[in-house]
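A.B. asks: Quick one: the structure is below, and I'll ask about it shortly.
The values are calculated or read from the model by the stated rules, or taken from the named source; none is laboratory data. Just so it is clear, the structure is predicted and the values come from calculations on it, not from any experiment. Cβ sites come from the backbone with ideal geometry, for glycine too, and all protein chains shown count toward neighbours. In case anyone asks, the SASA skips ligands and DNA or RNA and just uses the protein heavy atoms, side chains included. Shrake-Rupley method; radii C 1.70, N 1.55, O 1.52, S 1.80 Å.
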Amino acid sequence: MAKRIHTVKGTVEIDSLGLILPHEHLFTDLRGPNVPDYAQGEPSAVVKVVEPFLTAASAAGVTALVECSTVGVGRNLAVLRALADEVPLQIVPPTGVYRDAYVPESLREMSESELADLWTKELTDGIERTAIRAGFIKLAMSDDGPTSLEIRNLKAAARASQNTGAVIASHTIGGRIAKQEMDVLEEAGLDLQRFIWVHAQTERDISILQEAAGRGAYVELDTVGAPYQSQPELLATAVALIEAGLDDHLLLSHDAGWYNPASSDGLPEQGYRGYTALTKDFIPALLTRGVSAEQVRRITVDNPVQAFAF
Ligand SMILES: [Zn+2]
């Protein structure tokens, strides 16, 4: 069967999609799964805040957005469904789990194979008794390197990916941890073409990014438009990877959004950041640096399609 992208509104044909943002956030609860009202939110209140940003993204040419707020940091299907019904772009929901400190008790107790079965089921049948299939596996590693629980998560994710073809996207700070993680995944039999190094811009040594791409991984620069990221530096990294011939392994996104159910107005402390800096600023800047329109299309359309389709 032809590969498809699995969204909140159902599976869609890859030809129906254009520009895809591979790493964004819609609804995120960073208090973790042990607070009493964890991940609770009134869908209509979330729609009111988030819809204008998604409509603006759609107007800027975005056809789909990958929601990276996974289990442990607020995944809420009712909210995602309400949003998907109101906006003109597709939303790709995650399975998986966030880093050790955020893993809910129920998942902590599972064996590697039980976890692999759960994630496989979410990718093939549906999430939480709905018919909504997860579109990818989102993980995260602790900043000091994978804990034993996170190693178990990686191995379970490798199995679920091998069962389904879904890609694993993992929050990974720095090249040392990325290398460790890729070693675990390869040892578990995963082809690294099914792996996305999330937050790869945290590694400043470009040769390490090139090495990861050379092993097959997607290298994701996901701080486009972020006030805490030097945009000229990010641009220089992207251009260097493209000039090294790795444009088929590069992904670009904003890591923006973050509706916060713990705040009274739903806004994160620093304000809600939208999803248009890529099309408005970053792509034009790439073009002025000599990157071709064809390469831009590869990076923003073909790569995410190939990464997320299964
Ligand atoms: Zn993120």
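A.B. asks: Expressed as cubic angstrom per residue, what is the convex hull volume of the alpha carbon set of the chain?
C.D. replies: Hull volume normalised by residue count: 120 Å³.
A.B. asks: Another question about this same structure. For the range 228-310, what ratio Rg/Rh do Cα atoms give with a Kirkwood hydrodynamic radius?
C.D. replies: Numbers: Rg = 15.2 Å, Rh = 14.3 Å.
That ratio equals 1.06.
A.B. asks: May I pose another question? If ILE151, ILE127 are ordered by their accessible area, calculated over protein heavy atoms with a 1.4 Å probe, which sequence runs from highest to lowest?
C.D. replies: The residues order as ILE151, ILE127, largest area first.
A.B. asks: HIS25: accessible area at probe 1.4 Å, nearest 10 Å²?
C.D. replies: 10 Å²
A.B. asks: Can you give the accessible area of TYR102, probe radius 1.4 Å, in Å² rounded to 10?
C.D. replies: That residue has around 40 Å² of solvent-accessible surface.
A.B. asks: For a 29 Å ceiling on Cα separation, which of these pairs sit above it: LYS121/LYS280; LYS9/LYS121; LYS155/LYS280; LYS138/LYS280; LYS3/LYS155; LYS48/LYS138?
C.D. replies: Flagged as over cut-off: LYS121/LYS280; LYS155/LYS280.
A.B. asks: Work from the charge dipole of the range 166-247 (Cβ charges, +1 for Lys and Arg, -1 for Asp and Glu, about the Cα centre) and give the residue of ILE242, GLN201, GLY225 farthest towards its positive end.
C.D. replies: Among ILE242, GLN201, GLY225, the one farthest towards the positive end of the dipole of the range 166-247 is GLY225.
A.B. asks: For the range 87-142, treating each Cα as an identical point scatterer without solvent, what Debye log10 I(q)/I(0) comes out at q = 0.22, 0.23 1/Å?
C.D. replies: Each listed q maps to, in turn, -0.91, -0.97.
A.B. asks: Taking amide H atoms as placed 1.01 Å from N in the peptide plane, list the residues 5 or more away in sequence, or in a different chain, whose amide H sits under 5 Å from that of GLY32.
C.D. replies: Long-range HN contacts for GLY32: none found.
A.B. asks: Considering only DSSP beta bridges where both residues belong to the chain, give the percentage that are antiparallel (nearest 5). Don't skip to the answer; put the middle values down first.
C.D. replies: Numbers: 5 of 30 bridges.
Given both bridge residues lie in the chain, the antiparallel proportion sits at roughly 15 percent.
A.B. asks: When the dipole is taken about the Cα centre of the chain, and only Lys, Arg (+1) and Asp, Glu (-1) are charged at their Cβ, what size is it in debye, to the nearest 20?
C.D. replies: 420 debye
A.B. asks: Also, quick follow-up: Which whole-number percent is the relative contact order of the chain (Cα, under 8 Å, 6+ apart)?
C.D. replies: The normalised contact order for the chain reaches 21 percent.
A.B. asks: Ok, one more. Can you give the alpha-carbon Rg of the range 57-208 over 2.2 N^0.38 Å, where N counts its residues?
C.D. replies: Here the Cα radius of gyration is 1.04 times the empirical estimate.
A.B. asks: Okay, next question. I need to check one value: relative contact order of the range 211-310, counting alpha carbon pairs closer than 8 Å and at least 6 residues apart, in percent. Provide the component values of the computation, followed by the final result.
C.D. replies: On the way: 105 pairs, mean separation 29.9, N = 100.
Across the range 211-310, relative contact order equals 30 percent.
A.B. asks: With every protein chain in place, what's the accessible area of VAL296 (1.4 Å probe, Å², nearest 10)?
C.D. replies: Probe radius 1.4 Å; accessible area of VAL296 about 20 Å².
A.B. asks: Can you pull out the GluC sites (Glu not before Pro) in the range 215-310 whose DSSP state is coil and whose Cβ has at most 10 other Cβ atoms within 10 Å?
C.D. replies: Passing both the DSSP loop test and the Cβ count: GLU269.
A.B. asks: Write down, largest first, the equivalent ellipsoid semi-axes of the range 160-310 in whole Å, where each equals the square root of 5 times an eigenvalue of the alpha-carbon gyration tensor.
C.D. replies: So the three semi-axes of the range 160-310 are 24, 21, 15 Å.
A.B. asks: Can you give me the span-like helices of the chain, meaning DSSP H runs with 15 Å or more of Cα extent along the axis and Kyte-Doolittle mean at or above 1.0?
C.D. replies: Span-like helices here: 43-59.
A.B. asks: Moving to a separate point now. Relative contact order (percent) for the range 80-201, with alpha-carbon contacts under 8 angstrom and 6 or more residues of separation?
C.D. replies: It rounds to 24 percent for the range 80-201.
A.B. asks: Out of the GluC sites (Glu not before Pro) in the range 99-143, which ones are loop residues according to DSSP with at most 13 other C-beta atoms within 10 Å?
C.D. replies: Taking the range 99-143 and a limit of 13 other Cβ atoms within 10 Å, the loop GluC sites (Glu not before Pro) found are GLU109, GLU128.
A.B. asks: Determine Rg/Rh for the range 1-110; Rg is computed over alpha-carbon atoms and Rh is the Kirkwood hydrodynamic estimate from the same atoms.
C.D. replies: 1.00
A.B. asks: Based on the Kirkwood radius over alpha-carbon pairs, what value in µm²/s does the Stokes-Einstein equation return for the translational diffusion coefficient of the range 142-208 at 10 °C and 1.306 mPa s?
C.D. replies: 132 µm²/s
A.B. asks: I would also like to ask the following. Might you tell me the accessible area per residue for the chain, computed with a 1.4 Å probe and given in Å²?
C.D. replies: About 40 Å² of surface per residue is accessible.
A.B. asks: Tell me the mean residue ellipticity at 222 nm calculated for the chain from its helices only (DSSP H runs of n ≥ 4, each -39500 (n - 2.57), averaged over every residue, nearest 500).
C.D. replies: Per the formula, -11000 deg cm²/dmol.
A.B. asks: Carbon and sulfur together cover what percent of the accessible area of the chain at a 1.4 Å probe radius?
C.D. replies: Looking at the chain in its full context, I get 49 percent from C and S.
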